[in-house]
Structures are given as structure tokens and as C-alpha cells.
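The values are calculated or read from the model by the stated rules, or taken from the named source; none is laboratory data. In this text, all values refer to a predicted model and were calculated from it rather than measured experimentally. In this analysis, Cβ positions are derived from the backbone assuming ideal geometry, glycine residues included, and neighbour counts consider all displayed protein chains.
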Amino acid sequence: MGWNVKAWEQLKNPPSRYRPVPLWSWNDKLDSSELIRQIEEMHQAGIGGFFMHARGGLQTPYMEEEWMEAVRVSIEKSRMLGMEPWLYDENGWPSGFGDGKVPALGLEYQQKRLAVEYAPFNHRTDGIIALYKQTEQGFRLLDLKEIDNADLRVYYEVNPYYIDTLSKQAVGAFIREIYDTYWERFGELYGSILKGVFTDEPQFARRQLPWSFDLAAAFERKCGYALLPHLPALFTETEHYRKVRYDYWYCVTELFTEAYAKQIGDWCGSRGWSATGHVVDEQTLMDQVTSVGDPLSFYEYLQIPGCDWLGRFVGDDPIVPKQVSSVARQLGKSQAITESFGCSGWNVSLQELRRIGEWQFVHGINLMCPHLQSYSLQGLRKRDYPPSLFYQQPWWPDYRLFNDYFARLSMLLSEGHRQAEVLLLHPIRSAWVLQEGTDASASEPYHNAFVQLSRWLCQSLIGHDYGSEFMIERHGEVRGDRFMVGNAAYSVVIVPPGVTLGSTTSELLLRFVRNGGTVLAYGPFPRLVGGEYSLEAREWISKASQPAWNRESLVQHVYRAAAPSIYLTDISGTPVVSDRVNVQELELDGTTLFYLVNSDERSYGEVYVHIYRTGEVSLIDLESGEIKSVSWETIDGGVKVILPLFAAGSHMIKLDPVKKQQLSTPVKSLGKPAEEAVIRLNDLWKITETSKNSLTLDTCRFRIEDDNWSEPQPLFIIQERLLHIGRSSVELEFEFLSQLSPSHDRALYLVMENPHLFQITINGQPVAPVSEGWWMDTSFKMLDIRDLTKPGINRIGLKTTFHLSPEMSQALERAHQFESEGNKLTIETELESIYLLGDFSVQSASPWTFGERRAVFNDGPFSLVEQPDQVHADHLAEQGYPFFAGTFTLEQTVVLPQKGWGRATWQFRTPPDAIVSRLRINGREVRAFVLGTLRGRYYATFAARGKPHRAGANGKLPECAWSSSPHQRRGI
């Protein structure tokens, strides 16, 4: 899309291609009407498309007719709504095994890993690659018949559940099994509607050394000498071990990239589709070596390269997102995707999700793939790398605000051209040389140095990319005093501490410094070329600048060749220097954008933003899509603006070279209103409306085949025990205490999964498994029990048959062997927590304790009591709502001065787990607080003229889904 006036107008409602595209977990028996309903939910929430992702719990046969019909229905519905459907290439992950069909083709298709054994040997005879006799010079290759004379043998181990990703034949079989099948089914009719395929965590060994039947021949062809005589060098320091290791990992990385990434990228590209996804173990050099060799080399062949970011935190270093965004910028790929938010937990807030996302976006990512949206939360599915960011969340009706925000951000960052003058070489090849067998520890100091240099550049707001030597070999050149990698031109190249470089990189560095380019080098210098000592490196090292090992020296040397563009200070003039305060500079059709992000949990208050470029400053409000004016002043050689830099806050600063006449919603200042215009609301609120409260019951007594009753135990322990016992009749007995007076008018439900599979009793009275609807997830059925409970102890009995077929037992065993089997596992019988739902409050006999990330702990026991009339703006767990997931409407009356007044700031505080807050004054909504700063007081400023005497402040506060996990241990 070209950037023009029409595109600026699209900021209000960006097209689907920029909108978040989640992993949609197909993890149950798929129903067409439910698929359509869920797609409509996504569309209403501002989601642009989805990846149809088979996952653990799936009960529809994968890639068979029923599955294909589900895909077709989803494509058709998304076409009707203008959404973008994507395929996912595996049943579970890691991608490549084709639901087990590819490794089942035989040994040559299966993953193999090198192992070494010193004499005396065990009796193993299969898989032997070579035998060796130890000599004073190292190891001498023996004939395989000479095993009695051998001191060392190298053999391969087989993983029958994954494929040989170094083999074009094996990966080709995977492509035929999945990709070709999809194309044959949907290519002609839907080829232009489907956007591409997500491939997930392909790998070749992970903390072991890969082997392939293709490797020895490929090594000799690529490196010019035989590998087998030198295999011991991979495990110990033999003669020429550095070169052997360098050549081995070079060859392995090329085989993997060409067999997997290139074949899939070419397949997709030839059909007008995009290959996207990410590799595994992207975080450190130590992990990258044995998993993928060089992740940046892999990214080259994906039309939309991507990364993975798990957890509820942001990194101290930008390695993961910047590796991807560097390749994307260098090769002119307009989008780079992140799979984010897995393992961030059920009580993660939208503010925290924004923080995680913006930290990656400021480092070059520009397309969001939320992990994940669960088709069902039945059984183990609710514990599948939670949360599910879908209709099961009580804040789902407000999720569009989040998706609109990232759609606007994605559009700006995708269409803009990121600026970076500095290239930091990626030292993965030094890690190759230092890898000794499975021991990667020697690489750690080099990884840490590389990370530190990148952190210093980020702290100093210096835009930079990483330089993969594969990218440099294939796309590098020197043009005058510019070091080119594809489309990107750099005036400064930084060589981190290392051991070796490739010959192409060394040659280009020498040419670059001879042409007057700036090379900054840090010792220990990489004096090897291709793993061998060479005089070639001496000249460029001697001509390179060698800054002291500190941030200030690095910045001074960079600024001599690349002038700064932006600088931050606090109000006192002290520079703002932090790993978590970052800037991305973009050029967009004659306009410069500075995307300023504070990913920290601390606020910096108001800061001075010094921009070393002239022009007119405005702000792009990513929450509304409006362009707003801001006060600024001219300084020598640029402009200065004062902006608040709150915790997890950001600004999109727009610098126009000429004055714009029309700016929507102009404001005079971003500063806080005067103190006298602040109205602080009370922390005590009256409850006027609330969703039904809940109590999770996750501990019970049980007995098998009418045996004796056990002591109370957590359900997950009972489930694990039954998986070992097998088919059996099982009874469960739950208890809860009620202090409620009997009332037919009081709603009270038992919520459980698959009630039709159980005989249910309440206090000995049978309960018909007749659903009154569902709660939170369509699999959570509501049974009305209001007339069956009593004051005091109540007992809920469940009886069922626990099924465990021989096929299920085998699947469980395979799941312990390799993750591909575990990640697609579906359990036949699942015993899950049950819930009480209704008009009550929950009281505990134990004290409350609080942990990190708003975790709350309590040992119980819990009892049902009457609901309170009011709550305080503190944690609701202590006020009767420890298991609550829903919406509160709270209200208070504020008496205002009788004299006339105008603009005012209303300030209020909400409970810690209020994900979304909406402030209404006298029935009129003032603002929704969805993406604000982390856990501070909220501010709403607006004009209220006239003579108000009393004003009702009404807040609607959706709480988090499952204030604790649905799988309880210590109460909450």
C-alpha cells in the first residue's frame, strides 16, 4: 500500500493485513456453526485474520475430510467478512513431522543426532558411523571391522518422532504431505484468499549435534575434504578442530536452511502465498548453534519472518526481535511477525500485553500474532500455555481497542522505512568454533559481550541492525564508505569480541576501512578466518577503531560517523538511559516518525525529547487514530518537546518538514492540569451490578471400584493416578460450606464439563445433567442447584467410568519421548475442577498472602456468604471475590462546588485486577481505560460547564479471567 492521504485516513480503521492475526487453536471436535460464531467474534474484536492451528485436544481427524470441511467453512466466512485466513502446517509442533506420517516413512526420514563413546564400549552395534584410535597427533580413523582396536566410536541416535530437517528428501515429503494436500484441495478456489502458511519451531537437534545420511557427502562437496576422519574434533580439541567445527556447522546450517526454509519459502512464493513462522531457541548463541545454526540465515527465505516471545516480561536485550527485524529490513520484507503472550497467565492485563508487544515493535517487529485463541477450554486445553485471549475473557468486548491500537502501529511501522546507520556483526560463527560436543559454555562470554554492545546502542537510542555472515555472503558489498547488506546501507560496522569471521566478511571489512568506512572492533578480536589463522584479518583490525569497553566510548565513536537524531533528558537535564527506553526512527513519505517506548514498569515523569532535525511536531494518538498538536520549541539544529513518559507508555512523534494546516483535535499541552482542577474520587464504591461470582472446587475425595475413600486430594493428582491405572469406575466427592439462607430466588449453579458423562448428586439428591447454558466457555455447562443446597456442609458427588484405551496408553508413552507427540495429545477422560456460580460472596478462614504479578494465595477453607453492598479499590480477593471473573458496575456520588467551573481532571483508583475501566459521569461515558499505564491512578480530563451540584461517578470494571488459574492449588 502506498502511503498517501487516503492511507492517513485509514489510521482510524486500518486494513486487515495490519491487524493482529492470532493462532486459533483447533483443539476439540470441530463444529461448523461454532467455527462461524468464533470467526464473527474475532471480526467484531478487530482481528484481521487467523492461523488455523491443530493442537492438543483435537478430536476431528487431522487433514481428513471433516478437517478439510472445517478449513473450507472458515475460509468462506473470513472471505465474507474481509478477514485473512492462514494455514498452519502441523498437528501440534515442531513443524515437519506431518502428524507422524513423515518419520513413519523410515530411518532416512527420521531425526538423527551424533553421540560419542570412549572404550570400553557397550554392546551397541547399530548406528555406528566411525571408529578411531587415539594417537599422539589426535585420532586416526579405523575400519569398522577394527572395533577391538578402537578407543573412540561415533554413532548416531534416532528420534523416530521427528524428521531429518537437513534432508531435502525428508522435508520434501513433509511438503507433499501437508502443503501439497492443502493446495490440491483449496488452491484453485481459494488460493488468492488464503494468505500463506505458518511453520513453527523447526529444528535439527537442540543441545545435541545433528547427523544426516546426506551430511558426509554434502560436507565433502562444500568443504573440499572428508568429514569422517575429523569427527572427533567436534567433541574434543584435536588438530585443526576449529576449522572442522566451523565447516561442520556451516554445512549443517546450509543444509537445514536450504532443505527446510528455502523449500517451503519457494513453495509458498511460487503460489503467491507467504511463508511465516519462527525457529526455536532464538535467545542465545549457546542455544542457536545446536538448534538452527544461524537463525538469521533461516529468516531470509520466509516472506514474513518471525520470532516467538513467551511469558509476561520484556527482555533486557533486544536479541530476539532485532534478529528478525534486521533481516527483514536488509532484504526489503515489509513485515516481521511475533508470536507473543503464551505463558503470560490467565490474569495478564491488556496493559501488560501492550507493554510486551510494544517492546518488540520498537525493536523492529510490526505484525502481531497473539498466542492464542482456544476453540475450547475443556480439559487440559485450559492449561495449554495460557491464557486464551478470546471470548472466554470477561474483557473480550473491549478487546477491539487493543487490536485497533496494534493495527495502527503495525500499519505505520510496516509502511515506514526504519533508519539505522550501525551494523553490529552477529558472532554466531565464533560460537560454532567454541561448541565442544554438547558443551556450549565457552560461547557465553561472547554472547554476553554481543548483548552488552546491543544494549548500549539501545540505551543511547542509536538505531542498529545485526549482520548475519550468511546475509553478508549472499547480499553484502561495499559502496564507497557504505557497508551494504541487501537494501540497507551502514556507515558504521561494529565487530564484537569473537574468534572467527567468514572470508567474505573479512574481505568486505578490509575494503570498507580502506574506503574510509568506520569499523569499531572489540577484543578479543576474531583473528581466524573460516576457522583458520589468517593474515587477512590483521589489516582491518589494525585500521579499526578500538573504543574502551563502556557505553560512553562506544557512543562517541559512533557519533563521529553517524550523527545522533534523538536524545532524552529528564526535567533536570540528566540523560534518560535505560534498557527499557527505546526509539525507532522511520521515514514515511517525507515525514519522519520517532516511535518512543518506555517498556519499564517505572515512570520517568515528564522528559525533554530533543530531536536533531527541524520541522513541526505533532503526535499520532494510536488509541484513536487522531493526529494531535503538541507544544514544542526550536533549538539549535532541531526541536524540543516535553512529553510524559509513564510506565509502559509510548508516543508516536510525527515531524513534518513543512507546516500542516489541518490537525484534528488540537490541544495546547500534554502537561497535567493545575492542582485546583483535580477531583479525586473516593476509594469506596457502591456495587450496583455485578456478574455472578464463582468458587472453584479443585480438591476432593475419591475412590475406585467402590474401594475405600481417599483423603482430599487435588484433582490433577487423581487424574495422573488414573492414567496409570487404566479403565475403572471412579467416584469423586467435593465439599463446600454455605452460610447462605435458603432462597429459591437466589441463583446458584454447578458448572462442570461434560455433565452427561457423570452421575451427579448434591447432598445425596440426584441432579439431572440438563444444561441451563454455558459460563465462560461453551464447554462449561451450568446446572441449576439452587433448591438442593443447605446451610452448612454440602457435598457434591460425581461418578463416572474412566476410559484409557490401549491406543491412549501408547500415545501417552510416546508423549514422554518427544514433544511432537505430547503437543498433539488428546486425553480420552479428563477429570476437571468444578465451579459454583451465583449470587454470593466467598469468605476464607485463612489469611491472604500476595505474590508477584498480582498472584493471591489462600489455604481456605472457603464458604459462601452474602454479597457486600460496597467494595474498596483494593484487591477484590479479600472482599469476597477471590475467584471472580466478570464485570462490576460501581458507583459513588460526588458533591461539586456550586460556583461555575470548566475543565477538570477526575482521578480514581481501581482494584489491581481491573483490566478495563470505563468512567461515566451522570450517565455519560467519559473514557475507557484499556491500554493505560501499569497500575497507576487513572486520569480523565474533560470540560464540564454549568452549575453542577452533584455528580454520579459510575465505573464499569471488567475483572481478569480467572483471578487465579482455573487449575487451583492453594485456594487461589
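Might you let me know whether the range 752-770 holds any residue that is part of a helix (DSSP H, G or I) and in contact with an Asp or Glu (Cβ under 9 Å, 6 or more places away or on another chain)? Give the steps one after another, and end with the answer.
Filtering the range 752-770 for residues part of a helix (DSSP H, G or I) gives 755-757.
If we keep only those that are in contact with an Asp or Glu (Cβ under 9 Å, 6 or more places away or on another chain) too, we end up with none.
Within the range 752-770, not a single residue is part of a helix (DSSP H, G or I) and in contact with an Asp or Glu (Cβ under 9 Å, 6 or more places away or on another chain).
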**Complete:** Of the residues in the range 848-887 that are among the hydrophobic types (A, V, I, L, M, F, W, C) and touching a helix residue (DSSP H, G or I) at 6+ places or on another chain (Cβ under 8 Å), the one that is modelled with the lowest pLDDT is Val856
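Residues are listed down the side, and each one gets a yes or a no for (1) over 22 Å from Gly416 (Cα atoms); (2) in a loop (DSSP other than H, G, I, E, B); (3) out of contact with any Cys (no Cβ under 9 Å at 6 or more places or on another chain):
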{"position": "Gly306", "(1), (2), (3)": "no, no, no"}
{"position": "Phe313", "(1), (2), (3)": "yes, yes, yes"}
{"position": "Asp317", "(1), (2), (3)": "yes, yes, no"}
{"position": "Val320", "(1), (2), (3)": "no, no, no"}
{"position": "Val324", "(1), (2), (3)": "no, no, no"}
{"position": "Arg329", "(1), (2), (3)": "no, no, yes"}
{"position": "Gly332", "(1), (2), (3)": "no, yes, yes"}
{"position": "Gln335", "(1), (2), (3)": "no, yes, yes"}
{"position": "Thr338", "(1), (2), (3)": "no, no, no"}
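Restricting attention to the range 482-508, which residues are in a strand (DSSP E or B) and more than 13 Å from Ala562 (Cβ to Cβ)? So that I can check it myself, show each step before the final result.
First, the residues of the range 482-508 that are in a strand (DSSP E or B): 482-485, 488-490, 492-495, 500-501.
Those that are in a strand (DSSP E or B) and more than 13 Å from Ala562 (Cβ to Cβ): Met484, Val485, Ala488, Val495, Thr500, Leu501.
Listed here are the residues, each with its yes/no results for (1) surrounded by fewer than 24 Cβ atoms within 10 Å (Cβ to Cβ); (2) on the phi < 0 side of the Ramachandran plot; (3) hydrophobic (A, V, I, L, M, F, W, C).
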{"residue": "Tyr301", "(1), (2), (3)": "yes, yes, no"}
{"residue": "Asp308", "(1), (2), (3)": "yes, yes, no"}
{"residue": "Gln323", "(1), (2), (3)": "no, yes, no"}
{"residue": "Ser326", "(1), (2), (3)": "no, yes, no"}
{"residue": "Leu331", "(1), (2), (3)": "yes, yes, yes"}
{"residue": "Cys343", "(1), (2), (3)": "yes, no, yes"}
{"residue": "Trp346", "(1), (2), (3)": "yes, yes, yes"}
{"residue": "Glu352", "(1), (2), (3)": "yes, yes, no"}
**Request:** Pairs only if they're at least six apart or on different chains, beta carbon under 8 angstrom, first in the range 161-186 and more than 15 Å from Asn91 (Cα to Cα), second of a type in the set (Gly, Ala, Ser) and surrounded by fewer than 17 Cβ atoms within 10 Å (Cβ to Cβ); list them, first residue then second.
**Result:** Trp183/Gly191
**Request:** Determine which single condition Tyr567 fails, assuming it passes every other condition in (1) part of a strand (DSSP E or B); (2) free of Cβ contacts under 8 Å to residues at least 40 places away in the same chain; (3) not aliphatic (A, V, I, L, M).
**Result:** (2)
**Item:** Matching strands (runs of 3 or more DSSP E) fully within the range 104-211 where at least 3 residues are more than 29 Å from Glu339 (Cα to Cα)
**Value:** 110-118, 128-135, 138-142, 152-163
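One line per residue, one yes/no per condition, for (1) out of contact with any strand residue (DSSP E or B) (no Cβ under 7 Å at 6 or more places or on another chain); (2) under 27 Å from Leu380 (Cα atoms):
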position	(1), (2)
Tyr62	no, yes
Val73	yes, yes
Ser78	no, no
Asn91	no, yes
Asp99	no, yes
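Taking Phe121 as the residue in question, decide whether it is of a type in the set (Phe, Trp, Tyr), modelled with pLDDT under 95 and closer than 19 Å to Pro232 by Cβ. Working first, answer last.
Working: of a type in the set (Phe, Trp, Tyr): yes; modelled with pLDDT under 95: yes; closer than 19 Å to Pro232 by Cβ: yes.
Yes, satisfied.
Residues are listed down the side, and each one gets a yes or a no for (1) crowded, with 20+ Cβ neighbours inside 10 Å; (2) in a loop (DSSP other than H, G, I, E, B); (3) at pLDDT 95 or above:
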site: Val555; (1), (2), (3): no, no, yes
site: Ser572; (1), (2), (3): no, yes, no
site: Ser578; (1), (2), (3): no, yes, yes
site: Tyr595; (1), (2), (3): yes, no, yes
site: Val609; (1), (2), (3): yes, no, yes
site: Ser618; (1), (2), (3): yes, no, yes
**Prompt:** Among the residues of the range 406-421, is any modelled with pLDDT of 95 or more, in contact with a Phe, Trp or Tyr (Cβ under 7 Å, 6 or more places away or on another chain) and within 25 Å of Glu473 (Cα to Cα)?
**Reply:** yes
**Prompt:** Can you name the residue in the range 597-613 that is in contact with a strand residue (DSSP E or B) (Cβ under 6 Å, 6 or more places away or on another chain) and without any contact (Cβ under 8 Å) to a residue 60 or more places away in the chain and is also farthest from Pro657 (Cα to Cα) among such residues?
**Reply:** Asn598
**Fill in**
The residue from Ser460, Ser503 that alone is among the polar types (S, T, N, Q), modelled with pLDDT of 95 or more and over 27 Å from Arg245 (Cβ atoms) is Ser460
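Quick grid of which residues meet (1) modelled with pLDDT of 95 or more; (2) assigned to a helix (DSSP H, G or I); (3) over 21 Å from Trp396 (Cβ atoms):
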site: Glu41; (1), (2), (3): yes, yes, no
site: Gly46; (1), (2), (3): yes, no, no
site: His53; (1), (2), (3): yes, no, no
site: Leu87; (1), (2), (3): yes, no, yes
site: Asp99; (1), (2), (3): yes, yes, yes
**Prompt:** Of the residues that sit in the range 395-417 and are more than 19 Å from the chain's Cα centre (by Cα) and crowded, with 21+ Cβ neighbours inside 10 Å, which one is nearest to Leu596 (Cα to Cα)?
**Reply:** Leu412
**Answer residue from the range 752-772, given it is in contact with a Lys or Arg (Cβ under 8 Å, 6 or more places away or on another chain) and among the small types (Gly, Ala, Ser) and is nearest to Glu832 (Cα to Cα) among those** = Ser771
**Item:** Residues of the range 772-785 satisfying the condition of being surrounded by fewer than 16 Cβ atoms within 10 Å (Cβ to Cβ) and of a type outside the set (A, V, I, L, M, F, W, C)
**Value:** Glu772, Gly773
**Request:** Could you run through the range 25-77 and say how many residues are touching a Gly at 6+ places or on another chain (Cβ under 6 Å) and among the aliphatic types (A, V, I, L, M)?
**Result:** 0
**Near pairs, Cβ below 7 angstrom, 6+ apart or cross-chain, from the range 262-283 (farther than 19 Å from Pro94 by Cα and assigned to a loop (DSSP other than H, G, I, E, B)) to any residue that is of a type in the set (D, E, K, R) and at pLDDT 95 or above** = Trp273/Lys195
**Item:** Residues that are among the hydrophobic types (A, V, I, L, M, F, W, C), buried (at least 16 other Cβ atoms within 10 Å of the Cβ) and closer than 17 Å to Asp164 by Cα, drawn from the range 106-152
**Value:** Leu114, Ala115, Ile129
**Message:** Go through the range 340-367 and report how many residues are assigned to a loop (DSSP other than H, G, I, E, B), of a type outside the set (S, T, N, Q) and without any contact (Cβ under 8 Å) to a residue 60 or more places away in the chain.
**Reply:** 4
**Asked** Can you name the helices (runs of 4 or more DSSP H) wholly within the range 378-481 that have at least 2 residues being within 26 Å of Val576 (Cα to Cα)?
**Response** 399-415, 444-459
**Request:** Look through Gln134, Gln111 and report the one residue that is over 26 Å from Arg814 (Cβ atoms) and in contact with an Asp or Glu (Cβ under 6 Å, 6 or more places away or on another chain).
**Result:** Gln134
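Can you name every residue in the range 68-98 that is over 19 Å from Pro370 (Cα atoms) and in contact with a Pro (Cβ under 6 Å, 6 or more places away or on another chain)?
Step one: list which residues in the range 68-98 are over 19 Å from Pro370 (Cα atoms), which gives 68-73, 75-77, 79-82, 96-98.
Ile75, Gly96, Phe97, listed by residue number.
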